[in-house]
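A.B. asks: Pasting a structure below so you can have a look.
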Amino acid sequence: KAGRRDLVLFEFGEQATTAAVFTRNAFCAAPVILARRHLQAARPRALLINTGNANAGTGSTGESDARRCCASLAALL
């Protein structure tokens, strides 16, 4: 819906403990795949969430967009 807020950002403190639960669906959106990789590689410093189904089935464009969002957020932290 136009004008509806659909993005939230959480920044974690240095001592924060995090856990994640992901879909078991074989067809995951690019942000889900990227989040899994990031959680295996390092402790998260922030969580950026956007709502809706617009992230699924976006192919290489979606992957690129997800990486750019993460890189931009990391630069701000």
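The values are calculated or read from the model by the stated rules, or taken from the named source; none is laboratory data. Keep in mind that this is a model prediction, so the values were computed, not measured. Neighbour counts run over all protein chains shown; Cβ positions are idealised from the backbone, glycine included.
A.B. asks: Tally up the residues in the range 2-47 that are basic (K, R) and touching a Cys at 6+ places or on another chain (Cβ under 9 Å), please.
C.D. replies: 1
A.B. asks: Do any residues in the range 23-42 that are of a type in the set (A, V, I, L, M, F, W, C) have Cβ atoms under 7 Å from those of residues that are buried (at least 16 other Cβ atoms within 10 Å of the Cβ) and at pLDDT 90 or above, where the two are at least six apart or on different chains, and which pairs are they?
C.D. replies: Correct list of pairs: A30/A66; L34/A66; L34/C70.
A.B. asks: Ok, one more. Hey, can you tell me all the residues within the range 35-77 that are closer than 24 Å to R5 by Cα, part of a loop (DSSP other than H, G, I, E, B) and among the aliphatic types (A, V, I, L, M)?
C.D. replies: Within the range 35-77, A54, A56, L77 meet the criteria.
A.B. asks: Within the range 23-77, restricting attention to residues that are farther than 19 Å from F12 by Cβ and hydroxyl-bearing (S, T, Y), which residue is modelled with the lowest pLDDT?
C.D. replies: Once the filter is applied, the top-ranked residue is T51.
A.B. asks: Another question, if that's okay. What single numbered condition from (1) part of a loop (DSSP other than H, G, I, E, B); (2) exposed (fewer than 11 other Cβ atoms within 10 Å of the Cβ) fails to hold for F22?
C.D. replies: (2)
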